[in-house]
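Here's the structure we're looking at; comments come further down.
The values are calculated or read from the model by the stated rules, or taken from the named source; none is laboratory data. Source: prediction; values computed, not measured. Backbone-built Cβ (ideal geometry, glycine too); neighbour counts: all protein chains shown. Surface areas here come from the heavy atoms of the whole protein model, side chains and all, with no ligands, DNA or RNA. Shrake-Rupley method; radii C 1.70, N 1.55, O 1.52, S 1.80 Å.
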Amino acid sequence: MNPDHILSVRDLKTRFLMDEGTAKAVDGVSFDVSPGQVVGIVGESGCGKSVTIKSILGIVQKPGEVVGGEILFRQRGNGAAAAEMVDLAKLDGRGKEMRAIRGSDIALIPQEPMAALSPVHTIGNQLVEAVRLHQDVSKRRAEELAIERMTEVGVPNPAERMSMYSWELSGGLRQRVMIAMALSCSPRLLIADEPTTAIDVTTQAQVLRLLRGLQQNHGMAIIFITHDLGVIAQVADYVVVMYLGRVMETGPVDDIFHNPQHPYTRALLESIPSVHALSREPLPTIEGSIPHPFNRPAGCPFAPRCVAAMPGKCDRRTPKPTQLNGGQSVSCFLHNDAAEED
Amino acid sequence: MLVYIVKRLLLLPLLLLVFSVIAFILIQAPPGDFVTSYVAELAASGSSMDRLQIDALRELYGLDRPGYVQYFKWLTRMLQGDLGVSLDFQKPISELIGQRLLLTVILGLSTFLFTFAVAIPIGTISATRQYSFFDYFFTVFNYVGVATPTFMTALILMWLAFSKLGITITGLFSPEFADEPWSFARTVDLGKHIWLPIVILGMDGTARLARILRANLLDELNKPYMEMARAKGMPEWRLIMKYPVRLAINPLVSSLGWYLPLIFSGSLIVATVLNLPTIGPLLLRSLIGQDMFLAGAIVLSYFGLAVIGTLLSDILLAWLDPRIRMEEA
Ligand SMILES: Nc1ncnc2c1ncn2[C@@H]1O[C@H](COP(=O)(O)OP(=O)(O)OP(=O)(O)O)[C@@H](O)[C@H]1O
Ligand SMILES: [Mg+2]
């Protein structure tokens, strides 16, 4: 593993074994995260974004299971040399070692802040719990820390909020509370699963700005999940484009937006409404619909909807990621005819 | 919270007033009036009353006056603590009921606690280990528990205890303590006897509540807050007890509103079968003997217990669930 990376996901495979069949929710995903970098994972609903991060956190529940690949994470150490590598995929998800990393080194900001908070426990109770799970401090001290965190993420009157319940707060405030909770143990990797989908556009912009600021102050890395390319453009340094459990293209944000290589990335970019477009002009959409994970097509998963699909090739064989100049990487036969999965 | 409780308490007298009307209609239901029956009863047992006494009684009950006057006279006497005289036993009703009411409440509350203490672990384990041997075992057990009439269970257990162990398991006290005043030894004796009626009476409710809890919990276990708690690094059992179980218990507590009154009154047949000194068997006997003032008093105390049970469940629910507390305040 490259010494620069804090997290390196290699050929991750996560399946759901069900009576109806096996869903290959994540099927050979690889990407890296460097310290202080914001990596955006983008893709349509159901492409396996959430399952990917659940696999990283070790919280995939039955009938799901991580069946292959490596999740290499650099643990906190004294100096770069002492930093130790762990393969999270090999740890028991419920075990002590994994639980010590989860919530402290790697923290999660969930998709729906409302549903992620218990309606019958106070905000303070849940924040204090997050602090005390990983830090050996008194309840009083934990309360102080929680209030400090809420101040940092811009929750007004934090001391008062401690005794309030989640349903007494607005959507934006709830998401800020979730961010405060995620920050409570100063994680080095923050995973945000569509943190702005459940809130309105103005608040959304504020939350994005807040995350950006926090990332710079704390120097942490962020994996930012969204299906909104506009959001990616605002926050990400590096982009991972997923489709049906596989990575189609990765690269620095500017290259992805200005020089997309994969037909799927191009199609996604074309479907964003542009301010400059004529107002009545219909928005281009991607033809066809996403196949169900049970009957995933043979070959490249995007082939049935791809405008550049080569019959006899793309629908038979599966392309492998090919490194291009400038840090971009593409899984497509248009770029490397021979890069095929075995 | 206080406002909430006061509101509920203010409703209490009103409810009891409505129930007292129902109880009074019940008392009035059989043909003939109380004094005539009373005189007949006395004559049958060989004693008699003179005209003057009879007229005094008629005046006391207002028997020559319209129904509502009779009702108010009865209500006034009830409020003064005079529940009347039992035809059958020739004793003041308060004396007959007092002791039995206390035992009824003790038995009811113990059964209730037993039910929760057993149903919560069973429901929790069944849901968290869904489709395990344990889960299937308790599913079958629960169906049997719900489907078997409680008095049948009582009869079977009585028969088993008698034929296999040679002991009689009826009543709440050993014979030597049955009519004694309360003492430490008597309380211990009660403890030795009460567990069996508790198990028999509580079985049905335990099975029902465990099934409700299992279903609620299965819903809760897939909620996003579970994922969040896991992502915080919380140990699995601790988080299950703190969040989903806590949330799945709330609907259980609201079922208490009907369950507690059911334990109090539903025990009538079982209590008769097991010969328990509670008010159930007394009600049965008073109804058979058309001892209507006694029956009325018992029905009214059932109503009272039901109202108190509902009140308790409301308060408990408000205490458990902040959303309800805020809404009502
Ligand atoms: N609990 C589960 N049981 C069975 N299959 C599941 C489960 N969770 C996810 N999957 C499968 O994994 C696929 C990917 O799901 P995932 O939640 O990762 O999508 P996503 O990319 O996060 O979508 P969204 O944008 O809607 O959140 C789903 O299409 C589904 O087939
Ligand atoms: Mg998702």
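Annotation: average projected area of the protein assembly as shown is 43.8 square nanometres, based on the convex hull of Cα atoms across all directions. Within the shell defined by Cβ-Cβ distances under 13 Å, the residues around A:THR226 carry a net charge of -3, with Lys and Arg each +1 and Asp and Glu each -1. Accessible surface buried at the A:B interface totals approximately 2300 Å², computed with a 1.4 Å probe on protein heavy atoms. Across the stretch A:111-125, coupling constants 3J(HN,Hα) worked out from phi with the 6.51/-1.76/1.60 Karplus curve, θ = phi - 60°, read 5, 10, x, 4, 6, 7, 9, 6, x, 10, 10, 6, 4, x, 3 Hz, and Gly and Pro carry x. Working note: 222 nm ellipticity from helices only, DSSP H runs with n ≥ 4, each -39,500 (n - 2.57), summed and divided by the residues of chain B, gives -25000 deg cm²/dmol to the nearest 500. Taking amide H as placed 1.01 Å from N in the peptide plane, the amide H of B:GLN290 sits under 5 Å from none that are at least 5 places away or on another chain. Taking the 1.4 Å solvent-accessible surface of the stretch B:31-82 as the whole, the part contributed by carbon and sulfur is 59%. Taking R0 as 45 Å, what FRET efficiency do you get between A:ALA308 and A:ARG209 from their Cβ-Cβ distance, rounded to the nearest 0.05? According to the calculation, E is roughly 0.75.
The residues of chain A present an accessible area of 45 Å² per residue when probed at 1.4 Å with all protein chains retained.
Extension gain for the segment A:GLU160 to A:ARG266, taken as residue separation times 0.36 nm less the Cα-Cα distance, is 33.3 nm to one decimal. Karplus-derived 3J(HN,Hα) values for the stretch A:91-96, using 6.51 cos²θ - 1.76 cosθ + 1.60 with θ = phi - 60°, are 7, 6, x, 9, x, 4 Hz; glycine and proline are entered as x.
Annotation: amide H-H contacts under 5 Å for A:THR322 (H modelled 1.01 Å from N, sequence separation of 5 or more, or interchain): A:VAL330, A:SER331, A:CYS332. Dipole of the stretch B:143-255 computed with +1 at Lys/Arg Cβ and -1 at Asp/Glu Cβ about the Cα centre; of B:ALA154, B:VAL144, B:ALA185, farthest Cα towards the positive end is B:VAL144. Share of carbon and sulfur in the accessible area of the stretch B:99-328 stands at 70%, probe radius 1.4 Å.
Using every Cα-Cα pair within chain A, state what percent have a distance larger than 27 Å. Of all Cα-Cα pairs in chain A, 48 percent lie more than 27 Å apart. With θ taken as phi - 60° and the Karplus curve 6.51 cos²θ - 1.76 cosθ + 1.60 applied, the whole-hertz 3J(HN,Hα) list for the stretch A:207-213 is 5, 4, 5, 4, 4, 4, x Hz, x standing for glycine and proline.
Comparing the full protein assembly with the isolated chain, the residues of the stretch A:116-140 losing at least 20 square angstrom of accessible surface (1.4 Å probe) are A:ALA116, A:SER118, A:PRO119, A:VAL120, A:HIS121, A:GLU129, A:LEU133. All distinct Cα pairs of the stretch A:183-322 go into the 1/r average, and the inverse of that average, the Kirkwood radius, is 17.3 Å. Solvent-accessible surface of protein heavy atoms, probed at 1.4 angstrom with all chains present, puts A:HIS258, A:HIS292 in the order A:HIS258, A:HIS292, largest first. Spin-label model, A:ASN295 to B:VAL105: label points 7 Å out along the Cα-to-beta-carbon direction sit 6.8 nm apart. Legend: mean number of C-beta atoms from other chains within 10 angstrom of residue C-beta atoms, peptide A:85-97, equals 1.
The fraction of accessible area contributed by carbon and sulfur in chain A is 49 percent, rounded to a whole number (1.4 Å probe; ligands and nucleic acids excluded). Rounded to the nearest 10 square angstrom, B:ILE106 shows an accessible area of 60 square angstrom against a 1.4 Å probe. About its Cα centre, the dipole of chain A is roughly 540 debye, where the only charges are +1 on Lys and Arg Cβ and -1 on Asp and Glu Cβ. Largest accessible area first, the residues A:THR322, B:THR139 order themselves as B:THR139, A:THR322 under a 1.4 Å probe with ligands, DNA and RNA left out.
In this Cβ point-charge picture (+1 for Lys and Arg, -1 for Asp and Glu), the protein assembly as shown has a dipole of about 560 debye about its Cα centre.
Extent along the principal axes, Cα only, for chain B: 86, 57, 37 Å, with the longest axis given first. Considering only alpha-carbon pairs that sit under 8 angstrom and 6 or more positions apart, the relative contact order computed for chain B is 27 percent. Taking the square roots of 5 times each eigenvalue of the Cα gyration tensor of the stretch B:31-82, largest first, gives ellipsoid semi-axes of 22, 12, 10 Å.
Going from the isolated chain to the complete set of protein chains, the stretch B:290-324 loses at least 20 Å² of heavy-atom accessible area (1.4 Å probe) at B:PRO322, B:ARG323.
Anything in chain B that counts as a DSSP H helix reaching 27 Å or more along its axis (C-alpha) with Kyte-Doolittle mean of at least -1.0? List them, would you? Membrane-span-like by this criterion, though nothing is claimed about a membrane: B:2-28, B:93-128, B:184-220, B:246-266, B:292-320. Under 5 Å from the amide H of A:VAL239 lie the amide H atoms of A:GLY40, A:GLY251, A:VAL253, each residue being 5 or more positions distant or on a separate chain, with H modelled from the backbone and absent for Pro and chain starts.
For the residue pairs A:LYS54/A:LYS139; A:LYS13/A:LYS320; A:LYS62/A:LYS320; A:LYS24/A:LYS96; A:LYS62/B:LYS232; A:LYS49/B:LYS242, the C-alpha atoms sit more than 26 angstrom apart in A:LYS54/A:LYS139; A:LYS62/A:LYS320; A:LYS24/A:LYS96; A:LYS49/B:LYS242. Taking the helices alone, chain A has a mean residue ellipticity at 222 nm of -8500 deg cm²/dmol, built from -39,500 (n - 2.57) per DSSP H run of at least 4 residues and averaged over all its residues.
Ranking B:SER132, B:GLN99, B:GLY205 by how far each Cα lies toward the positive end of the dipole of the stretch B:99-328 (charges on Cβ) leaves B:SER132 at the top. Take the Cα of A:LYS90, step 7 Å toward its Cβ, do the same at B:MET49, and the gap between the two points is 9.5 nm. Put a dot 7 Å past the Cα of B:ARG65, heading toward its Cβ, do the same for A:GLN216, and the two dots end up 8.9 nm apart. For A:ASP105, the shell of other residues with beta-carbons less than 13 Å away shows a net charge of +4, using +1 for Lys and Arg and -1 for Asp and Glu. Mind pulling the angle between the C-alpha long axis of helix A:171-183 and the longest principal axis of chain A? Nearest 10 degrees, somewhere in 0 to 90. Once rounded, one gets 80 degrees.
Entry comment: accessible area of chain B is 51 Å² per residue, from protein heavy atoms only and a probe of 1.4 Å.
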